[in-house]
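A short write-up of the structure that comes next.
The values are calculated or read from the model by the stated rules, or taken from the named source; none is laboratory data. What you see is a predicted model, and the numbers here were worked out from it, not measured in a lab. Virtual Cβ from ideal backbone geometry, glycine too; neighbours counted across all protein chains shown.
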């Protein structure tokens with residue numbers, strides 16, 4: 001049972017030691033003297049992975065470095081790399097490989113990722129997003145009658161599988177930012193795959209809830225016992241097939257995945273998917289190229305009692321929609337009565353603040369639906385993605401927000417002169433999974449890495465290179481269903497194309513929101529943050545940023561706050577977390593309210609100080625099984 005209303009001012013032992021008799025806000029705002037401080041589809045999109053309970057997390061304080069990830073064994077692997085003298089990027093690669101094994105429902109070598117890397121105040125954005133095969137077109141998810149496929153029919157099929165990009169992207173980043181040998185970074189995952197890892201409560205729960213995974217014979221043989229039941233909690237699960245594949249990548253680089261026997265097994269798994277064949281080819285795999293993009297950074301001013309702070313928020317540009325949507329929501333909120341509102345006496349956001357947040361979110365998601373897609377295929381409005389974050393534009397948008405629910409939230413026109421928009425807005429459809437990793441090292445490097453195979457267990461297809469041999473190895477790795485992030489309907493009612501329609505070689509729009517925060521005055525990194533959660537990733541990450549920067553909460557307290565959001569329909573609240581009076585007050589403003597599971601997986605690391613000593617304060621989401629380690 002989730003707690004009803006945790007008090008954000010409660011202190012655990014390390015927080016008491018860190019802040020002594022000071023206010024928590026003063027501890028958070030202490031770096032260089034200051035640390036920064038109505039439809040079924042909407043509901044489905046908000047629960048990309050099933051809930052598995054609430055596991056109270058203490059929050060962590062470390063001195064020189066910190067690793068925050070979605071599973072303790074993955075965090076341990078990253079920690080070991082840092083202790084061995086590795087960089088943040090080295091640690092992230094080790095974490096990702098272990099997550100492939102222990103958190104297969106969320107991410108892995110069969111998927112993609114967005115990486116934000118900071119060396120001092122220099123930020124680089126590495127795009128490892130999956131691409132559509134060369135043989136597909138905009139009709140990929142249409143039936144013979146021209147109507148879109150049902151979502152599950154598309155997801156659990158070969159049609160949904162994009163070219164995996166995470167490994168080749170990490171390889172590209174490692175050439176620049178790695179300190180340890182590439183092969184060394186794979187050893188923790190190889191050892192765990194060979195010797196086994198205990199099935200966690202969360203993995204067991206999700207395996208029991210999933211109705212599609214067991215249709216794949218390889219996955220069924222690996223994840224379930226002879227009676228078809230998921231392996232029990234703490235069962236030692238070995239994956240010799242994955243160990244073999246990881247050993248190949250360790251010795252051959254990304255070619256070990258995207259060329260040779262493993263590539264042939266991937267193509268065969270896609271083209272023989274029992275849910276429907278896909279069109280992935282060997283040439284698609286071998287030809288995959290990651291992109292280094294310009295990070296999307298913008299200034300953000302926060303005025304709190306007696307002081308004002310200027311930050312630089314850096315996020316991932318399109319094909320991610322996260323940084324733009326978060327920046328728009330926060331920017332619009334500043335120009336509404338929500339600006340300056342404190343948490344309520346119960347320690348929770350009140351109905352007034354939630355109303356203005358929800359209205360700002362509706363406007364941001366309207367822009368997202370019309371404009372945002374792969375920038376290699378779709379030009380930005382007004383010639384720059386920053387046009388969607390321009391103060392004048394956000395001021396214009398904020399004027400649409402009043403004390404009552406807007407009847408309609410439409411996209412805006414971010415340019416001085418009205419411009420003809422050639423695209424149709426994308427209809428709402430489900431978005432799913434992911435995992436997040438935040439790391440800071442002792443060498444002045446930091447990163448935020450959000451990584452995904454999209455839905456829970458991806459396309460429900462497990463790759464095993466040893467099939468057909470006399471003694472096939474058990475296990476393998478799961479393939480993504482990332483192409484379902486494209487619009488199933490390629491054109492609007494008027495025939496205009498949807499910006500995020502399927503096209504060969506294109507990267508689907510994403511909500512992933514890896515975020516780095518800097519002090520504008522000093523250029524110093526202040527925070528790394530991000531979350532899984534489908535379309536709600538934007539709200540989970542935005543919640544944590546707002547709670548720390550405006551309300552002065554410690555990272556764990558910010559994460560523990562109830563989740564909320566709006567993805568273009570009703571206001572959504574995390575069930576059992578808000579008082580009935582808050583729900584009634586929101587409804588009285590004219591909008592619908594849904595109370596649903598909102599299973600975020602936030603990982604946050606923030607720079608601070610305790611007793612005059614610099615520290616890193618970190619938090620990991622109690623809604624999942626992540627952890628933090630440091631020295």
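Would you mind finding the one in 553, 573 that is closer than 24 Å to residue 368 by Cβ and at pLDDT 95 or above?
Of the residues listed, the single one that is closer than 24 Å to residue 368 by Cβ and at pLDDT 95 or above is 573.
Is it true that residue 454 is assigned to a loop (DSSP other than H, G, I, E, B), touching a helix residue (DSSP H, G or I) at 6+ places or on another chain (Cβ under 9 Å) and at positive phi?
So residue 454 fits the description; yes.
What is the number of the single condition among (1) in a helix (DSSP H, G or I); (2) modelled with pLDDT of 95 or more that residue 344 does not meet?
(1)
Go through the range 366-386 and report how many residues are surrounded by fewer than 24 Cβ atoms within 10 Å (Cβ to Cβ) and farther than 22 Å from residue 408 by Cα.
Within the range 366-386, residues that are surrounded by fewer than 24 Cβ atoms within 10 Å (Cβ to Cβ) and farther than 22 Å from residue 408 by Cα number 12.
Can you find a residue that is modelled with pLDDT of 95 or more, assigned to a loop (DSSP other than H, G, I, E, B) and either closer than 28 Å to residue 292 by Cβ or touching a helix residue (DSSP H, G or I) at 6+ places or on another chain (Cβ under 6 Å) (or both) anywhere in the range 387-399?
yes
Of all residues in the range 532-552, count the ones that are over 14 Å from the mean Cα position of the chain (by Cα) and more than 14 Å from residue 353 (Cβ to Cβ). Break it down stepwise before answering.
So the first thing to find is which residues in the range 532-552 are over 14 Å from the mean Cα position of the chain (by Cα), and the list is 545-552.
The next check asks that each one be more than 14 Å from residue 353 (Cβ to Cβ); those that pass are 545, 548-549, 552.
Count: 4.
Considering only the range 583-593, I want to know if a residue exists there that is surrounded by 24 or more Cβ atoms within 10 Å (Cβ to Cβ) and either modelled with pLDDT of 95 or more or more than 20 Å from residue 516 (Cα to Cα) (or both).
Looking for residues that are surrounded by 24 or more Cβ atoms within 10 Å (Cβ to Cβ) and either modelled with pLDDT of 95 or more or more than 20 Å from residue 516 (Cα to Cα) (or both), one finds at least one in the range 583-593, hence yes.
Which residue is surrounded by the fewest Cβ atoms within 10 Å (Cβ to Cβ), if the candidates are limited to the range 340-365 and must be under 24 Å from residue 392 (Cα atoms) and touching a strand residue (DSSP E or B) at 6+ places or on another chain (Cβ under 8 Å)?
340
Can you go through 112, 108 and tell me which one is touching a helix residue (DSSP H, G or I) at 6+ places or on another chain (Cβ under 9 Å) and more than 21 Å from residue 187 (Cβ to Cβ)?
Residue meeting the stated conditions: 112.
Cβ-Cβ below 8 Å, separation at least six or inter-chain, first residue in the range 484-497 and over 29 Å from residue 453 (Cβ atoms), second modelled with pLDDT under 95 and surrounded by fewer than 16 Cβ atoms within 10 Å (Cβ to Cβ): which pairs?
What qualifies is 496/422.
Restricting to the range 183-203, what's the tally of residues that are surrounded by 19 or more Cβ atoms within 10 Å (Cβ to Cβ) and part of a helix (DSSP H, G or I)? Outline the logic, then answer.
Here is the first cut: in the range 183-203, the residues surrounded by 19 or more Cβ atoms within 10 Å (Cβ to Cβ) are 185-186, 188-190, 192-193, 197, 199-200, 202-203.
This time we only want the ones that are part of a helix (DSSP H, G or I), so: 185-186, 188-190, 192-193, 202-203.
The qualifying residues number 9.
If you scan the range 555-581, which residues turn out to be crowded, with 24+ Cβ neighbours inside 10 Å and in a helix (DSSP H, G or I)?
555, 556, 557, 558, 559, 560
Scan 334, 328 and give me the residue that is surrounded by fewer than 24 Cβ atoms within 10 Å (Cβ to Cβ) and closer than 18 Å to residue 313 by Cα.
Values: 328 fails: surrounded by fewer than 24 Cβ atoms within 10 Å (Cβ to Cβ).
Sole residue among the options that is surrounded by fewer than 24 Cβ atoms within 10 Å (Cβ to Cβ) and closer than 18 Å to residue 313 by Cα: 334.
Just checking, which of 219, 173, 226 is touching a helix residue (DSSP H, G or I) at 6+ places or on another chain (Cβ under 6 Å) and within 22 Å of residue 473 (Cβ to Cβ)?
That would be 219, the only listed residue that is touching a helix residue (DSSP H, G or I) at 6+ places or on another chain (Cβ under 6 Å) and within 22 Å of residue 473 (Cβ to Cβ).
Looking at residue 526, is it within 27 Å of residue 302 (Cα to Cα), in contact with a strand residue (DSSP E or B) (Cβ under 7 Å, 6 or more places away or on another chain), in a helix (DSSP H, G or I) and at pLDDT 95 or above?
no
Each row is one residue, and each column tells you yes or no for (1) assigned to a helix (DSSP H, G or I); (2) at pLDDT 95 or above; (3) touching a strand residue (DSSP E or B) at 6+ places or on another chain (Cβ under 7 Å).
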position: 467; (1), (2), (3): no, no, no
position: 470; (1), (2), (3): no, no, no
position: 475; (1), (2), (3): no, yes, no
position: 484; (1), (2), (3): yes, yes, no
position: 493; (1), (2), (3): no, no, no
position: 503; (1), (2), (3): no, yes, no
position: 506; (1), (2), (3): no, yes, yes
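Taking the options 256, 275, name whichever one is over 26 Å from the mean Cα position of the chain (by Cα), surrounded by 18 or more Cβ atoms within 10 Å (Cβ to Cβ) and under 29 Å from residue 514 (Cα atoms).
On the way: 275 fails: under 29 Å from residue 514 (Cα atoms).
Only one candidate passes the filter, namely 256.
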